[in-house]
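Student: Pasting a structure here, questions to come.
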Amino acid sequence: MSGESISTLILFIAAMLVAASVAGTLVTSVGELSGSIDGYSGDVSDDIETDVEIISDPGSDAIVGDNNQTVTLLVKNTGDRTLPSDGTELDPLVDGRYVSNENLSVTVLEEPTWNAGTVAQVTLSLSEPLDAGEHRVMLSVRGSESTFQFYYGGA
C-alpha cells in the first residue's frame with residue numbers, strides 16, 4: 001500500500017511540474033503577443049492619422065522645371081499628425097517610376113514643421129527628362145495615397 005502511495009505522489013508531483021511549465025510558457029507567449037498587438041495598433045493608428053493631398057494646379061507652368069527633369073508639387077498635410085519635413089515617409093511615383101528619397105526635397109512653406117493643415121513644396125528630381133504629354137504623379141505616405149495628373153507641353 002505504501003508503495004502505491006509513493007508512486008501516486010511521484011506522478012502527482014510530475015503532473016504539477018508539467019502543468020506549471022505549460023502555464024509559464026503560455027503566460028510568456030500571451031505577454032509577447034500582447035506587446036506585439038500594442039505595437040502594431042500604434043502603427044495602425046499612425047497610418048490612420050496620416051493623409052496628404054496634392055493641391056497644385058494641373059494647368060500651372062510651375063510644375064515642370066526648366067530642364068524638364070524636376071517636378072514641383074504643393075502638398076497639404078490633411079491628416080492629424082505632423083509629418084517629417086525631410087520627406088522620409090514619402091513614396092513618390094512619376095509615371096509609374098519610383099523616385100528615391102535622395103531625389104526629393106521638401107520645403108515646408110508656412111511653418112518650420114509639416115503640421116496638419118500645412119502646405120509643403122515637394123520637388124522630385126527625375127532621372128530622365130519628361131516628354132510632352134500627360135503625366136501622373138502618385139504620392140504615398142504610410143498607406144495614404146494622393147494622385148495628380150497634369151499635361152506638359154514640352155520645352
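Student: Would you check which residues across the range 62-119 are β-branched (V, I, T) and under 17 Å from the mean Cα position of the chain (by Cα) and list them? Full working, then the answer.
Tutor: Taking the range 62-119 as the starting set, the residues that turn out to be β-branched (V, I, T) are 63-64, 70-72, 75, 78, 82, 88, 94, 99, 106-108, 113, 118-119.
Across the range 62-119, the qualifying residues are V75, T78, T82, T88, V99, V106.
Student: How many residues are under 25 Å from E49 (Cα atoms), crowded, with 18+ Cβ neighbours inside 10 Å and in contact with a strand residue (DSSP E or B) (Cβ under 8 Å, 6 or more places away or on another chain) if we restrict to the range 137-154?
Tutor: Selection size over the range 137-154: 5.
Student: A further question on this structure: For E134, indicate whether it is in a loop (DSSP other than H, G, I, E, B) and surrounded by fewer than 15 Cβ atoms within 10 Å (Cβ to Cβ). Don't jump to the end; show me each part of the working.
Tutor: Working: in a loop (DSSP other than H, G, I, E, B): no; surrounded by fewer than 15 Cβ atoms within 10 Å (Cβ to Cβ): yes.
No.
Student: Has the range 55-63 got any residue that is closer than 24 Å to G143 by Cβ, at pLDDT 90 or above and surrounded by 15 or more Cβ atoms within 10 Å (Cβ to Cβ)? Walk me through how you get there before you give the answer.
Tutor: Of all residues in the range 55-63, those closer than 24 Å to G143 by Cβ come to 55-56.
Keeping just the survivors that are at pLDDT 90 or above gives 55-56.
Then keep just the ones that are surrounded by 15 or more Cβ atoms within 10 Å (Cβ to Cβ); that gives 56.
Within the range 55-63, one or more residues are closer than 24 Å to G143 by Cβ, at pLDDT 90 or above and surrounded by 15 or more Cβ atoms within 10 Å (Cβ to Cβ).
Student: Same structure again: Does the range 120-151 hold any residues that are of a type in the set (D, E) and either over 17 Å from the mean Cα position of the chain (by Cα) or over 20 Å from T82 (Cα atoms) (or both), and which are they? Explain how you work it out, then say what you get.
Tutor: Of all residues in the range 120-151, those of a type in the set (D, E) come to 128, 131, 134, 145.
Within the range 120-151, E128, D131, E134 qualify.
Table: residues versus (1) within 24 Å of E49 (Cα to Cα); (2) in contact with a helix residue (DSSP H, G or I) (Cβ under 6 Å, 6 or more places away or on another chain); (3) polar (S, T, N, Q).
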position: R81; (1), (2), (3): yes, no, no
position: S85; (1), (2), (3): yes, no, yes
position: V94; (1), (2), (3): no, no, no
position: R97; (1), (2), (3): no, no, no
position: V106; (1), (2), (3): yes, no, no
position: V122; (1), (2), (3): yes, no, no
position: L126; (1), (2), (3): no, no, no
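Student: Quick one: which residue in V71, V52, V22, V75 is modelled with pLDDT under 90 and hydrophobic (A, V, I, L, M, F, W, C)?
Tutor: Details: V71 fails: modelled with pLDDT under 90; V52 fails: modelled with pLDDT under 90; V75 fails: modelled with pLDDT under 90.
Result: V22 is the single residue among V71, V52, V22, V75 that is modelled with pLDDT under 90 and hydrophobic (A, V, I, L, M, F, W, C).
The values are calculated or read from the model by the stated rules, or taken from the named source; none is laboratory data. Quick caveat, the model's predicted, so the values are computed rather than measured. Here the Cβ is made from the backbone with ideal geometry for all residues, glycine too, and neighbour counts use every protein chain on show.
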